[in-house]
Amino acid sequence: MDILHDNLDSFRSGKEIAASDAEPFFDALISETDEQLLADVLMAWEQKGTTQDELFALASIMRSRCIRVNTKHDVFVDAVGTGGSRAKTFNVSTGAAFVVAGAGIPVAKHGNRAATSNSGSADVLATLGVNPAVNAAKAGHCLDEIGICFMFAPNFHSLSPMLAKVRRGLGFPTIFNNLGPLCNPANAPHQVIGVWGEDLVEKTANVLARLGTTKSWVVHGSDGLDEITLNGTTKVAEIDGESVRIIEISPSDFGLEQSDMQNIRTSTLDESVTLIRNVLSGKSKNREAVDLVVMNAAAAIHVASPDSDILAAFEKAKESITSGAAAEKLRLLAELTNG
């Protein structure tokens, strides 16, 4: 039986993957070498729309197979975007990770190179001087010693270079953009996951609740940003154990004014890196970039701190930058991953 061709026909007929077929289908996807077939399957799947059960099944498989990162920490967080956003800004969650770590909340950051954006978190970190491609032991050591690590997805998940190539060639996000953030190798108990489509907010949150989390947010900006946005409102699905509730937040909840964010649109890796470096230095004159990073860092601090309201978390994030703590976390991660 040719499972990829069978599922291609099923997708085109609007049918989802049967639970019993999920694992053989996944194995077929990661072993297939026919670029056109892979592209056809991913396009048909996206046109049909991925279901909650499909997302849960594949995330469960990837979690069960990933290389684990062990840590002494009981409380830590991952802040990650799926990519695929129509609002092209810099790598906000990458910058926010250092701010969160500088505020005293350990961060197990999971990410990849760019698939549907100008630059992925691994691209940015490498340009900032961090070696992103460390193994599990080194990642765990970084997390334990300095309170932040980066886990480069291909080192922890057995997918395939061919699948990655096809995804890059498609030019639009697929289910794998959504799967990555759900499969943190350190099994982070707290997460802030930004998704590229409003329809993915509740779906992703329900899957995360089924997979298991302590307290997390799934967010989508009204301007299309896969982060909490300054330019409008942000839809939030808050997962607390197995319960999910939908709320809406705006810049005013952080004591900020709305902005169109025209000053933080980037089109190259170097532009993104420069913005992040300047924000972390505490000397950036780009108020919008600083506010966007601090706002998203505050959300991660908030979900990982039961006694922290969002405004208190925002103040902790600001202090992380002004004190130099955030920049110091970047320096330490670069030092430790290259040592």
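Observations, loosely collected:
- Those strands (runs of 3 or more DSSP E) of region 154-262 in which at least 3 residues are more than 27 Å from Phe26 (Cβ to Cβ), considering only elements entirely within it, cover 215-221, 234-240, 243-249.
- Selected residue [of a type in the set (S, T, N, Q) and without any contact (Cβ under 8 Å) to a residue 40 or more places away in the chain] from Gln258, Gln191: Gln258
- Boolean, Lys316 is in contact (Cβ under 8 Å) with a residue 40 or more places away in the chain, in the same structural domain as His141 (by TED's automatic domain parsing), over 27 Å from Val236 (Cα atoms) and part of a helix (DSSP H, G or I): no
- Whether a residue is in contact with a Lys or Arg (Cβ under 6 Å, 6 or more places away or on another chain) and either at pLDDT 95 or above or β-branched (Val, Ile, Thr) (or both) was assessed, and Phe25 does not pass this test.
- Subset tally (residues that are more than 16 Å from the chain's Cα centre (by Cα), of a type in the set (A, V, I, L, M, F, W, C) and assigned to a loop (DSSP other than H, G, I, E, B)) for region 49-102: 4
- For region 44-56, the condition holds for no residue, the condition being that it is buried (at least 24 other Cβ atoms within 10 Å of the Cβ) and either touching a residue at least 40 places away in the same chain (Cβ under 8 Å) or out of contact with any Asp or Glu (no Cβ under 6 Å at 6 or more places or on another chain) (or both).
- Checking Leu143 against (1) modelled with pLDDT of 90 or more; (2) surrounded by fewer than 21 Cβ atoms within 10 Å (Cβ to Cβ); (3) in a helix (DSSP H, G or I), the condition it does not meet: (2)
The values are calculated or read from the model by the stated rules, or taken from the named source; none is laboratory data. A quick note: this is a predicted structure, and the numbers were derived from the prediction, not measured. Neighbour counts are summed over all protein chains in view; Cβ atoms, including those assigned to glycine, are modelled from backbone coordinates with ideal geometry.
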